[in-house]
Amino acid sequence: MHRINPHLPAWRARLTAAALAGALGCAGGPTLLNVRFGAAPTVASESTPAPAVAARLERLRTDRGPGRGDGDYVLGRGDLLAVRAFDFDQLNQRVRVESDGTIRLPLLNTVPVGGRTLADVEHELTRRLGDYMYDPHVSVFVDEYRSQQVSVEGAVQKPGLVNETGRNLTVLDSIAAAGGMTPEAGTVITFMPTRVRRQAADGSDPACGTSGQDAAVDGAPVVVNTAELDDETRRAFFSMPVREGDVLRVQTAGNFYTTGWFDKPGAYPLHAGLTLRAAIAEAQGLSFPAKTDDLHIYRAGPNGKTQLLRVNYDQIAALKAPDVVLRDGDVIDAAGSAAKMVPWAAYKFITTVVHIGYKAASGGAA
């Protein structure tokens with residue numbers, strides 16, 4: 001990518017270099033995607049990820065089934081249970097689920113509870129206690145949720161594991177449980193869903209042995225830019241129920257870069273939801289020779305390739321085309337316009353001559 005320094009002292013050298021830049025700026029290198037925004041008379045729109053994201057979220061929601069209630073929490077290793085038995089004080093104690101998915105209780109010995117709900121465990125304990133007393137009543141509560149954990153990483157206040165409780169924890173709940181996003185957080189979130197586990201026929205915990213079966217669902221990561229989603233798809237993403245083993249990664253906003261005919265080219269921090277119009281303002285605007293109807297945005301694409309987005313900023317400024325939301329690492333290149341070079345060079349020549357004449361008339365004083 002060719003960049004011109006618009007502050008060369010010699011106007012003739014500037015004009016020659018600018019003409020060269022204008023010629024080079026019209027050529028696009030090898031790219032994965034070459035899309036033009038806001039061009040007249042025909043407009044080709046960038047392929048948005050929203051439909052694909054919406055379809056993927058719908059499949060995940062279907063695979064995960066209906067929302068779980070307080071009684072649907074599936075017990076697993078590490079959970080701390082409080083057992084209460086009416087008129088049988090020996091059983092009234094707190095026990096932790098062992099690595100093999102079992103708990104040990106007086107008289108009842110080893111009881112498998114991994115992969116079962118509280119209602120299932122209460123029924124099993126009541127049945128077993130019925131061998132020793134008439135009409136037993138047993139209640140089981142979860143004192144500590146440890147087995148169902150979701151990992152929240154990246155630009156959050158408290159990255160780490162979040163415990164999933166009996167209620168239907170969502171993507172938004174998980175981020176909130178991690179303390180919320182940091183000021184450096186961007187709009188890109190990667191959701192890596194765990195493969196859905198089916199409870200084994202014998203009731204054992206799938207995570208504790210080989211009897212569990214993995215459901216045949218797509219476990220590929222879902223990478224979304226929430227600023228580019230429509231309201232319905234954004235709500236569907238943040239309300240997606242999470243499951244044990246899911247990973248959420250909130251990416252930092254990063255930086256964007258301006259090169260070419262900007263008043264102040266360079267690197268700038270990327271704020272969440274920053275658009276091209278705001279980025280140009282941060283770089284203190286475009287210089288007069290800039291080819292505003294054909295700005296180039298170079299964007300990192302898949303497999304190490306580069307996407308080229310060609311943007312008609314005149315259409316965006318006139319509110320005739322949608323603005324472009326920038327991503328981390330975007331490079332905005334403003335090439336020179338051949339039609340603007342002559343009047344710009346003439347203006348610089350006149351101002352230079354006037355400045356030199358003024359200095360000569362004032363005896364060399366600045």
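Each value in this text was obtained by applying a stated rule to the coordinates, not by laboratory testing. Not measured: the values here are computed from a predicted model. Here Cβ is always computed from backbone atoms with ideal geometry, including for glycine, and neighbour counts include all displayed protein chains.
Measuring between alpha carbons in the structure, the pairs from 291/320; 320/340; 264/340 lying more than 21 angstrom apart are 320/340.
Relative to the current alpha-carbon distance between residue 303 and residue 338, full extension at 0.36 nm per residue lengthens the span by 9.1 nm.
With the simple spin-label model, which puts each label point 7 Å out from Cα in the Cβ direction, the residue 90 to residue 278 separation comes to 6.8 nm. Taking label points 7 Å from Cα along the Cα-to-Cβ direction, residue 133 and residue 157 give a separation of 4.6 nm. 3J(HN,Hα) along region 75-90: 6, x, 4, x, 5, 9, 9, 10, 9, 10, 10, 5, 6, 8, 4, 4 Hz, from the Karplus curve 6.51 cos²θ - 1.76 cosθ + 1.60 with θ = phi - 60°, whole Hz, x for Gly and Pro.
The length gained on full extension between residue 351 and residue 232, counted as 0.36 nm times the residue separation minus their Cα-Cα distance, comes to 37.3 nm. When Rg and Dmax are taken over the Cα atoms of region 55-139, they come to 15.8, 55 Å. Indicate the gyration tensor shape class of region 215-318 (rounded, prolate or oblate), computed on the Cα atoms with a ≥ b ≥ c the square roots of the eigenvalues: a/c under 1.5 is rounded; otherwise a/b larger than b/c is prolate and the rest oblate. Prolate is the answer for region 215-318, as a/c is 1.5 or above and a/b outweighs b/c. Alpha carbon centre of region 163-192 versus region 311-334: separation in Å? First find each Cα centre; the distance between them is then 30 Å. Spin-label model, residue 239 to residue 267: label points 7 Å out along the Cα-to-beta-carbon direction sit 4.1 nm apart.
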